[in-house]
1. For the stretch 214-262, enumerate the residues that are outside any strand (DSSP E or B), aliphatic (A, V, I, L, M) and surrounded by fewer than 20 Cβ atoms within 10 Å (Cβ to Cβ).
2. Evaluate the following for Leu269: is it under 25 Å from the mean Cα position of the chain (by Cα) and within 14 Å of His181 (Cα to Cα)?
3. Sort out which residues of the stretch 6-37 are assigned to a loop (DSSP other than H, G, I, E, B), farther than 20 Å from Thr94 by Cβ and either hydroxyl-bearing (Ser, Thr, Tyr) or at pLDDT 85 or above (or both), and write them in order of number.
4. List pairs: first residue in the stretch 162-173 and without any contact (Cβ under 8 Å) to a residue 40 or more places away in the chain and open to solvent by 10 Å² or more (accessible area, probe 1.4 Å), second residue of a type in the set (A, V, I, L, M, F, W, C) and in a helix (DSSP H, G or I) anywhere in the structure, Cβ distance under 9 angstrom, at least six positions apart or on different chains.
5. Please note which strands (runs of 3 or more DSSP E) are completely contained in the stretch 269-333 and include at least 2 residues that are over 18 Å from Gly246 (Cα atoms) and modelled with pLDDT under 90.
6. Scanning the stretch 334-353 for residues that are assigned to a loop (DSSP other than H, G, I, E, B) and over 23 Å from Gly157 (Cβ atoms), which turns out modelled with the lowest pLDDT?
7. Among the residues of the stretch 94-107, which ones are touching a helix residue (DSSP H, G or I) at 6+ places or on another chain (Cβ under 6 Å), open to solvent by less than 70 Å² (accessible area, probe 1.4 Å) and of a type outside the set (Gly, Ala, Ser)?
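The values are calculated or read from the model by the stated rules, or taken from the named source; none is laboratory data. Fair warning: this is a prediction, and the values are worked out from it, not measured in the lab. Cβ placement follows ideal geometry from the backbone for every residue including glycine, while neighbour counts extend to all protein chains displayed. Surface areas here come from the heavy atoms of the whole protein model, side chains and all, with no ligands, DNA or RNA. Shrake-Rupley method; radii C 1.70, N 1.55, O 1.52, S 1.80 Å.
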Amino acid sequence: MTSDTVAVGVVANPASGRDIRRLVAQASVFPTAEKANMVQRLLTAFASVGVTRALLSTDLGGISAAVLRASRARRPGRDGAWPDVVFCADDAITGTALDTTNAVRRMVADGVRLIVCLGGDGTARVAAAACGDVPLLALSTGTNNAFPRMREATVAGLAGGLVATGAVAAETGTRRATVLHVGTADRGETALVDVCASRSRHIGSRALWHPETLTELFCTFAEPDGIGLSSVAGQLCPSPRDEPDGVALTLAPPEHARWVVYAPIAPGLVLPVGVDAWRPLPVGEPVEIGLRGGVIAVDGERELELTGTETATVRLCAEGPRCVDVSAVLAEASANGLLRTENQVAQRKERQR
């Protein structure tokens with residue numbers, strides 16, 4: 001790329017928002033057409049603030065194909081400008097999280113200044129693990145969306161583009177997220193939102209359906225209006241995203257617990273969750289999970305099976321992804337007039353009166 005090229009990357013997960021939780025809970029889904037439309041709205045916003053090149057992921061679900069068709073049908077002067085669109089098609093498509101990892105790594109190697117991911121918590125977690133220090137903008141198109149924001153793509157694209165071009169400094173327009181590292185002696189996972197221990201014996205369908213089996217919950221943040229397991233803490237002991245500490249809860253069956261929280265643990269699914277105790281979780285403190293035998297869920301999905309003798313440790317770390325703060329970026333744009341110009345002709349006419 002030349003020195004005046006401003007490149008961004010966009011990864012859209014075709015499978016997000018279509019898992020068993022949405023089918024069972026009668027929740028809404030994000031169709032392929034809307035994901036493709038979101039990408040197109042992002043491209044329009046990027047071009048308007050000076051982004052010159054956009055690298056897009058490819059998929060077998062129809063998102064990249066729809067964007068390709070739209071790019072070929074556009075007419076200069078009528079449809080507005082887009083950045084030069086390049087599809088990342090060097091890696092074989094597997095239909096797994098590896099597709100996101102491969103795409104993000106190629107984008108970072110190509111020198112992009114922003115990664116946008118369309119998906120849920122799982123997609124954001126995979127993208128965050130691969131993007132390094134490149135700013136991440138996670139937009140919600142998934143099932144549990146505690147980490148990605150539900151934002152209009154045009155508005156988010158303006159904010160992301162302003163950060164990518166340097167019009168808004170990264171120190172102003174991004175914030176460093178915390179993450180949870182959890183693992184045994186030989187296996188580990190990273191969570192953007194929460195880690196939960198369950199007495200369930202197998203990974204199975206991955207989603208956690210039975211709160212009475214949960215024993216411990218650790219959250220990087222917990223918002224009162226959140227969705228997923230972090231909503232339990234959000235209703236009992238909120239912990240804002242912009243504060244370094246997280247929160248740790250000891251859970252119990254509702255009939256024996258000190259508190260019972262009626263929590264939206266999935267779209268369309270509000271269940272009672274028992275809580276015995278909670279406390280702040282400071283950055284850097286290792287906590288041994290008390291569970292012996294069971295599973296550890298990461299961002300709402302069961303990932304680690306524990307034998308009866310294995311122990312697992314969780315630690316809150318400050319070295320998470322650098323995330324675009326859309327509200328902060330656009331507030332800075334407003335304060336400094338980045339998205340407006342003065343009409344010189346009108347001013348001259350006014351002076352002549």
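1. Result: Leu236, Ala257.
2. Working: under 25 Å from the mean Cα position of the chain (by Cα): yes; within 14 Å of His181 (Cα to Cα): no.
Answer is no for this residue.
3. Step one: of the stretch 6-37, the residues assigned to a loop (DSSP other than H, G, I, E, B) are 6, 13-19, 26-31.
Subset that is farther than 20 Å from Thr94 by Cβ: 6, 26-31.
The answer is Val6, Ser28, Pro31.
4. Matching pairs, first to second residue: Ala169/Val163.
5. Strands (runs of 3 or more DSSP E) meeting the threshold: 301-306.
6. Taking the stretch 334-353 first, the residues assigned to a loop (DSSP other than H, G, I, E, B) are 337-343, 353.
Imposing the further condition that a residue be over 23 Å from Gly157 (Cβ atoms) reduces the set to 342-343, 353.
Numbers: Glu342: 80, Asn343: 72, Arg353: 62.
Looking at the filtered set, the residue picked out is Arg353.
7. Going through the stretch 94-107, the residues touching a helix residue (DSSP H, G or I) at 6+ places or on another chain (Cβ under 6 Å) turn out to be 97, 100-101, 104-105.
Retained after the next criterion (residues that are open to solvent by less than 70 Å² (accessible area, probe 1.4 Å)): 97, 100-101, 104.
Hits for the stretch 94-107 are Thr100, Thr101, Val104.
Residue by residue, here is whether (1) at pLDDT 95 or above; (2) out of contact with any Gly (no Cβ under 7 Å at 6 or more places or on another chain); (3) open to solvent by 10 Å² or more (accessible area, probe 1.4 Å) holds:
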| residue | (1), (2), (3) |
| --- | --- |
| Cys131 | yes, yes, no |
| Val134 | yes, yes, yes |
| Asn145 | no, no, yes |
| Leu158 | yes, yes, yes |
| Arg175 | yes, yes, yes |
| Thr184 | no, yes, yes |
| Arg201 | no, no, yes |
| Trp209 | no, yes, yes |
